[in-house]
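One structure is given here, and the rest of the page talks about it.
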Protein chains: 2
Amino acid sequence: MSTTQSFKLDPKLDLVLERVVDVPPSLVWDCWTMPEHLKKWFTPAPWKTVEAEVDLRPGGRLYFVMESPEGLRFPNTGCYLEIVKNERLIWTNALLPGYRPAASGAASADNLVFTAIIEMRQQGTGTRYTATAIHRNEDEAQKHANMGFHDGWGKALEQLVALAKKL
Amino acid sequence: MSTTQSFKLDPKLDLVLERVVDVPPSLVWDCWTMPEHLKKWFTPAPWKTVEAEVDLRPGGRLYFVMESPEGLRFPNTGCYLEIVKNERLIWTNALLPGYRPAASGAASADNLVFTAIIEMRQQGTGTRYTATAIHRNEDEAQKHANMGFHDGWGKALEQLVALAKKL
């Protein structure tokens with residue numbers, strides 16, 4: 001957790017995936033911020049990301065639709081908070097675009113509220129990549145862990161790296 | 001509402017106070033961002049702001065304690081989102097400092113979730129001042145209106161102006 005120096009993490013509330021990958025930060029950044037790239041790696045197969053929209057500015061909209069192998073669609077809307085090119089990207093679904101508080105009350109199966117902090121730091125010719133999901137309570141952190149945060153975000157990262165190597 | 005050009009307002013969800021005051025934007029900014037000033041104007045008398053802390057950066061903490069005439073204390077914690085000196089200040093209580101989603105479920109008497117957008121624009125020797133509170137649903141917007149948003153924020157602004165003239 002050493003790379004998220006500016007954020008106070010709480011091991012009971014936060015999930016962290018940290019890996020070194022052999023593509024440079026600029027390509028990781030492109031994969032995270034260009035919709036046509038997002039659709040190719042963002043969801044661990046056999047799930048798909050079938051729509052992606054990016055308005056890359058603080059307060060701007062992140063929108064994506066995940067599709068299950070059975071064809072069920074799961075739309076998600078988030079709000080970008082910090083954008084530091086090739087270094088750090090932060091967004092949350094606790095807010096809607098334009099910083100409007102989201103109407104997200106009690107936790108439920110389809111209501112997982114978190115802020116994502118994606119950090120990338122040059123390491124040799126590759127990137128030290130850290131993805132942190134911070135939650136409002138232990139229940140939601142545990143639910144996110146049980147949904148397969150580490151496996152899922154890890155597998156998605158492998159898809160990102162495979163894509164980046166072709167760019 | 002013309003000055004909040006970059007934000008899509010919804011008249012059913014948002015409350016706006018817009019006034020022209022005869023102190024310059026830089027003094028309005030100082031009153032909003034310096035804790036020792038905040039304590040002097042932020043709460044309409046006979047309420048008081050008895051504590052104020054400001055960590056003025058995106059993700060930083062805004063903390064203040066309001067005290068009722070009967071001596072009851074009401075602590076509030078928010079997270080700064082945008083800081084554009086002498087122009088725009090945005091914070092929300094939908095997030096805790098460090099962008100952690102706040103544990104704020106259903107609306108209740110002491111749980112009003114909103115994002116505040118404070119804008120100041122030079123007009124002559126004074127300031128066109130716009131304070132906007134954006135909410136997640138009509139109930140909370142209505143509750144905020146019923147709590148006296150316009151009177152309260154207006155009276156606080158008059159206190160701000162009186163203070164600024166002495167700075």
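The values are calculated or read from the model by the stated rules, or taken from the named source; none is laboratory data. It should be emphasised that the depicted structure is a prediction, and the values quoted were computed from it without experimental measurement. Heads up, the Cβs are rebuilt from the backbone with ideal geometry, glycines too, and the neighbour counts pull from every protein chain shown. Just so you know, the surface numbers come from the protein's heavy atoms only, side chains and all, with ligands and any DNA or RNA stripped out. Shrake-Rupley method; radii C 1.70, N 1.55, O 1.52, S 1.80 Å.
Observations on the model:
- Of all residues in the stretch A:45-86 being among the acidic types (Asp, Glu) and away from chain B (no Cβ under 14 Å), the one that is nearest to B:Gly59 (Cα to Cα): A:Glu53
- If you filter the stretch A:107-124 down to residues that are more than 12 Å from chain B (Cβ to nearest Cβ) and modelled with pLDDT of 95 or more, you find that the one that is surrounded by the most Cβ atoms within 10 Å (Cβ to Cβ) is A:Met120.
- Which numbered condition B:Gly98 misses (of (1) surrounded by 15 or more Cβ atoms within 10 Å (Cβ to Cβ); (2) in a strand (DSSP E or B)): (2)
- Residues located in the stretch B:51-73, provided they are open to solvent by 50 Å² or more (accessible area, probe 1.4 Å) and touching an Asp or Glu at 6+ places or on another chain (Cβ under 7 Å): B:Pro58, B:Arg61, B:Arg73
- Where B:Phe74 falls short, out of the listed (1) over 21 Å from A:Gly78 (Cβ atoms); (2) touching a helix residue (DSSP H, G or I) at 6+ places or on another chain (Cβ under 8 Å): (2)
- Residue match in the stretch B:128-135 (condition: open to solvent by 50 Å² or more (accessible area, probe 1.4 Å) and at pLDDT 95 or above): yes
- Lone qualifier among A:Ile90, A:Ile83 - being more than 23 Å from A:Ala162 (Cβ to Cβ), open to solvent by less than 30 Å² (accessible area, probe 1.4 Å) and within 15 Å of the chain's Cα centre (by Cα): A:Ile90
- Some residue of the stretch A:72-92 being of a type in the set (S, T, N, Q) and part of a loop (DSSP other than H, G, I, E, B): yes
- Scanning the stretch A:13-62 for residues that are assigned to a loop (DSSP other than H, G, I, E, B) and closer than 27 Å to A:Arg100 by Cα yields A:Leu13, A:Met34, A:Phe42, A:Thr43, A:Asp55, A:Leu56, A:Arg57, A:Pro58, A:Gly59, A:Gly60.
- Taken across the stretch A:10-18, residues that are more than 25 Å from A:Thr125 (Cα to Cα) and in contact with a Pro (Cβ under 7 Å, 6 or more places away or on another chain) do not occur at all.
- Filter pass, B:Ser104 being modelled with pLDDT under 95, within 14 Å of chain A (Cβ to nearest Cβ) and open to solvent by less than 20 Å² (accessible area, probe 1.4 Å): yes
- When A:Lys143 is tested against (1) within 14 Å of chain B (Cβ to nearest Cβ); (2) in contact with a His (Cβ under 9 Å, 6 or more places away or on another chain); (3) open to solvent by less than 30 Å² (accessible area, probe 1.4 Å), exactly one condition is not met: (3).
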